[in-house]
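Here is the structure we will look at.
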Amino acid sequence: MPRYKGIARTIPPGDSNGALRREPQVLWVEEYTQRQHARMCLLEDLGNIYDDDDSLVSMKGQPDIIITGTGGLDIYSSLDGNSWHLTRTLPLVNQVNHSNPTGTAAFMGVTPIQNRYLVISSRALWKLARENELPDAPCLVYDYQKDIVVQTFSWGGQSMSVAAIGDGSQILLGNGGEACISGQPNLLYQIQERTGGEDGIDLKLSDVQLFKGESTIYAPLERADPTPDSSSEYYSAPRSDITKTRQVKSFPLLDDSSPSEEIVLEVNSAETCNLYYRKNEDYVIMILPLPGSEGYISEFYGGVYARGGDVLMLGDKVFVVLANYNGNNTVYSFDSHWLRDEDVSLAEE
């Protein structure tokens, strides 16, 4: 039996008895795209999707491939789980060009809601900071069943990420995102059904943001010092008002007695990354800054900053992994009951 050094090893093609196993296989490769540069990809079962002629183009129970980037959004669907075809293409809305320099440069994050819509975040060019300008790259609510944009919102935000949080009735935008650019507030929106018999939904800026008194106004982008804020400085006033956020994600605390509890992970660049704990879709009642997650300046590689992360809860343990640009990835862990200890709450009134 071969020995493997370190914590990783290659899985041989046979089991312990020598019987062959099926190795990972390439099922599909995108042949042609107008997207230019991809920014995010997502595998979701979007259910049955029909074209205008009522022909079935995506089947429930089969994975759909969603890709965003500088050329817009594409959805590839399958009827058999073995081959995929392009079923939806959404160009950039208010696309950047010479006469529209503040427009949309790329679709970024995407999250499905209500088995019908995709909420898509957008960003403008980073060079807007040189001119101290406000982005003009709206986020979208896209009805992939009818292949129409039903709402544009959050004009002025540099939105890098989007997540459905709470019981799925709220949308959180992760804004800012670049270490050398000024930050923006991460904003919550409430999903509302349209009234008066009109079909569809609207996203409305929530009356309850992550923090009491949090700013909901986007400021023009500015150049900023990319040197990471030290944890001790950031701990003194951790807020979601002016973050340089790359990613937001929500995770329920798996406790049958408290199904309304959740953790929101906020991954920031050159600022401390945070976990926010809240109940019943109310204000954050606990902030857990992750020590050292603000990054550092390397003599050889330059800035080391967080780019993404994930959370896993196993029993009473919470694990957090951060993926770092130019540096080593990091895992944190703590006991989940610590969140419920009001004596150590860091959130301010």
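The values are calculated or read from the model by the stated rules, or taken from the named source; none is laboratory data. Bear in mind that the values here come from a model prediction, so they are computed numbers and not experimental data. Cβ coordinates were reconstructed from backbone atoms using ideal geometry, including for glycine residues, and neighbour counts include every protein chain displayed. Keep in mind that these areas ignore ligands, DNA and RNA; they rest on the heavy atoms of the full protein, side chains included. Shrake-Rupley method; radii C 1.70, N 1.55, O 1.52, S 1.80 Å.
Which chymotrypsin sites (Phe, Trp or Tyr not before Pro) in segment 287-326 pass both tests, a DSSP loop state and at most 11 other beta-carbon atoms within 10 Å?
Counting only loop positions with at most 11 other Cβ atoms within 10 Å, the chymotrypsin sites (Phe, Trp or Tyr not before Pro) in segment 287-326 are F300, Y301.
Exceeding 32 Å between C-alpha atoms, which entries from my cross-link table qualify? They are K146/K317; K146/K204; K146/K244; K244/K317; K127/K249; K212/K249.
Violating the 32 Å Cα-Cα cut-off are K146/K317; K146/K244.
Write down the accessible area per residue of segment 38-95 in Å², having rolled a 1.4 Å probe over the full set of protein chains.
Here the per-residue accessible area is 48 Å².
Roughly how much of Y283 is accessible, in Å² to the nearest 10, using a 1.4 Å probe?
Near enough 60 Å² of accessible area.
Be a star and scan segment 152-193 for residues whose amide nitrogen sits under 11 Å from the point 7 Å along the Cα-to-Cβ vector of E281.
Answer for this model: 165-171, 189-193.
Would you work out which of W28, T152, L128 lies farthest towards the positive end of the dipole of segment 22-152? Charges go on Cβ: Lys and Arg +1, Asp and Glu -1.
L128
Bins of 10 Å, beginning at zero and ending with the bin holding the largest distance: percent of Cα pairs per bin for segment 86-127, please.
Values per bin, smallest distances first: 25, 46, 23, 6.
Looking at segment 111-209, which chymotrypsin sites (Phe, Trp or Tyr not before Pro) are in a loop (DSSP not H, G, I, E or B) and have at most 16 other Cβ atoms within 10 Å?
Passing sites in segment 111-209 are W155.
Taking amide H atoms as placed 1.01 Å from N in the peptide plane, list the residues 5 or more away in sequence, or in a different chain, whose amide H sits under 5 Å from that of N48.
Those lying under 5 Å, H to H, from N48 are K60.
Roughly how many nanometres apart are two label points built 7 Å out from the Cα toward the Cβ at D225 and Y301?
2.4
Rank G315, N274, P252 by how far each Cα sits towards the positive end of the charge dipole of segment 244-317 (+1 on Lys, Arg Cβ; -1 on Asp, Glu Cβ) and give me just the farthest.
It is N274.
Working with all protein chains in place, sort H98, H85 by solvent-accessible area computed with a 1.4 Å probe, largest first.
H98, H85
If you place +1 on the Cβ of every Lys and Arg, -1 on the Cβ of every Asp and Glu, and leave all else neutral, what size is the dipole of segment 22-90 about its Cα centre, to the nearest 20 Debye?
320
With the full set of protein chains in place, find how many percent of the accessible area of segment 94-141 is carbon and sulfur; take the probe as 1.4 Å.
42
What GluC sites (Glu not before Pro) does segment 268-346 have in DSSP loop regions with at most 13 other beta carbons within 10 Å?
Sparse-neighbourhood loop GluC sites (Glu not before Pro): E299.
Taking the Cα centroid of segment 49-112 and of segment 284-313, what is the distance between the two, rounded to the nearest whole Å?
Here the two parts' Cα centres lie 31 Å apart.
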